[in-house]
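The values are calculated or read from the model by the stated rules, or taken from the named source; none is laboratory data. Since the structure is predicted, the reported quantities are computational estimates derived from the model, not experimental observations. Every residue, glycine as well, gets a Cβ built from its backbone with ideal geometry; the counts of neighbours run over all protein chains shown. These area figures cover heavy atoms from the full protein model, side chains too; ligands, DNA and RNA do not enter into them. Shrake-Rupley method; radii C 1.70, N 1.55, O 1.52, S 1.80 Å.
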Amino acid sequence: MKRTVAAIILLVLLVSACSAIAEDWTCPKCGRINTGNFCPDCGTEKPAWTCLNCGRENFSAFCENCGAAKPGEDTYETPVESDEVSDTVAELNRMVQNGEISISGLLTMLQLTGTENVRFDGSSMEDTIENGEITVVSMLEYGSIWFSGTNQPANVVQEAPRVTYGLPGMLDIVLCRYPARGEVVFIKRIVGLPGDTVELREGFLYINGQQVEAEKELINPEYRVKHMSDGYSFGPYYIPKKGDSFIVTTDQDNKATYWINGEKWERKMTCLIANDDEGNPVKIYNRKVDAQSRSAQMETTEVVISYKGEIMKPDEWVKAFPDMIGKELIVGEDYYFIMGDHRNNSNDSRNFGVLEKSAILGHVERVIYPFNKAREIK
């Protein structure tokens, strides 16, 4: 989606203010002067500091969460920009430094543009997005709003009501939330849409039996295989769509088996939502055993079923609603298969299953930091 110049200006300025793009630091190990978060000579990470206002760990001169300045830091340098926006950025920079616009005001204006800036940490999206790069996430085309508040236990976040809108596209890079991981967000690529059957053959993507040609140029060939000589395969795996038939059956030990459109289906950790003939949703999902955990890490989970205002373990649900076993339900939400571009170093739908549409928060469109690597994302 096209961004307005005003939105780009606000994003650039916010990153310059909150991420201290022009800030240099001296490596304590080798003495090199650097601008990134890692020293390219010895790999030493830039020393972090803790925000006194909100407690977030940061590497730049301004807190990426609340905009508070690092102790001893009260100014920032004007970033170098393209001719199109440089004059306006310089003027807004002057206004911020003169106190005419506050950092909180900039944050508010950024929210009004329908975008968010998210720093990527890790290697699962290499070479598309590198560790430490800051991305722009659009929430105008599609996304979801979670009504869970802030700093809530992971289970509270998982079970919060949500509103979703728009349609994510094939091969879009998206900001999303994983099952049973609370408020933490991840960046991955959509490689399968609702109703598709996804498969990896020797590291290459196939949808409904046909190779996806557009995907060939997106992935580093070294990341398609596990050990450079062994091909990596997965599937075929069906992605549920809204309106599909869904049935739960159990054996004598009350162990559940799931069926989509008459075919046996592996749920993994997918939050599967289906409606009974009266429109009541049956929600089968994993949640943390430690109900008070706020950790973003994967911890021990348990399977539960939410139905008619009750949350029960599967064996309890079978006893309470025996007539639901073997009864046809209708899938109530679309699902998406996501993977990291670093195929042999990514925890994604191959491991935890497909994501419901409401777990997708927005479309990752650009890298805006470091400036010398600013680019659109494909």
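Subtracting the Cα-Cα distance from 0.36 nm times the residue separation, let me have the gained length for Gln297 to Arg162 in nm, one decimal. Numbers along the way, then the final one.
Numbers: separation 135, 0.36 × 135 = 48.60 nm, distance 2.22 nm.
Here the segment from Gln297 to Arg162 would lengthen by 46.4 nm.
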- prompt: What are the semi-axes of the equivalent ellipsoid for segment 266-373, taken as the square roots of 5 times the Cα gyration tensor eigenvalues, largest first, in whole Å?
  reply: 33, 17, 13
- prompt: Which value, in debye to the nearest 20, gives the size of the charge dipole of segment 126-236 about its Cα centre, when Lys and Arg are +1 and Asp and Glu are -1 at the Cβ?
  reply: 400 debye
- request: Quick one: pull the percent of accessible area on segment 224-378 belonging to carbon and sulfur, 1.4 Å probe, ligands and nucleic acids left out.
  value: 46 percent
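Which links in Lys216/Lys268; Lys216/Lys255; Lys216/Lys288; Lys268/Lys308; Lys241/Lys308; Lys264/Lys378 stretch past 30 Å when you go from one Cα to the other? Please report the intermediate quantities before stating the final value.
Details: Lys216/Lys268 27 Å; Lys216/Lys255 40 Å; Lys216/Lys288 37 Å; Lys268/Lys308 24 Å; Lys241/Lys308 23 Å; Lys264/Lys378 35 Å.
Beyond 30 Å: Lys216/Lys255; Lys216/Lys288; Lys264/Lys378.
Using the beta-carbon distance between Ile330 and Glu222 and R0 = 41 Å, what value does 1/(1 + (r/R0)^6) give for FRET efficiency, to the nearest 0.05? Walk me through the numbers before you get to the answer.
Numbers: r = 43 Å, r/R0 = 1.05.
Calculated transfer efficiency: 0.40.
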message: If a paramagnetic tag sat 7 Å from the Cα of Asp290 along the Cα-Cβ line, which residues of segment 129-164 would have the backbone N under 19 Å from that point?
response: 151-159
Intensity falloff of segment 253-325 expressed as log10 I(q)/I(0), Debye formula with alpha-carbon point scatterers, at q = 0.12, 0.15 Å⁻¹: -0.37, -0.57
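What does the charge dipole of segment 235-378 about its Cα centre add up to, to the nearest 20 debye, if the Cβ of each Lys and Arg holds +1 and the Cβ of each Asp and Glu holds -1? Before the final figure, lay out the partial values.
Working: 21 positive and 23 negative charges, 154 e Å.
In debye, rounded to 20, segment 235-378 gives about 740.
Mind giving me the FRET efficiency for Asn275 and Arg201? R0 is 30 Å, r the Cβ-Cβ distance, nearest 0.05 is fine. Could you put the intermediate results ahead of the total?
Working: r = 35 Å, r/R0 = 1.17.
The pair Asn275/Arg201 has a calculated efficiency of 0.30.
So if each residue of separation counts as 0.36 nm, and I subtract the Cα-Cα distance between Asp323 and Asn254, what length gain in nm does that give?
Values: separation 69, 0.36 × 69 = 24.84 nm, distance 1.38 nm.
Taking 0.36 nm per residue and subtracting the Cα distance, the gain is 23.5 nm.
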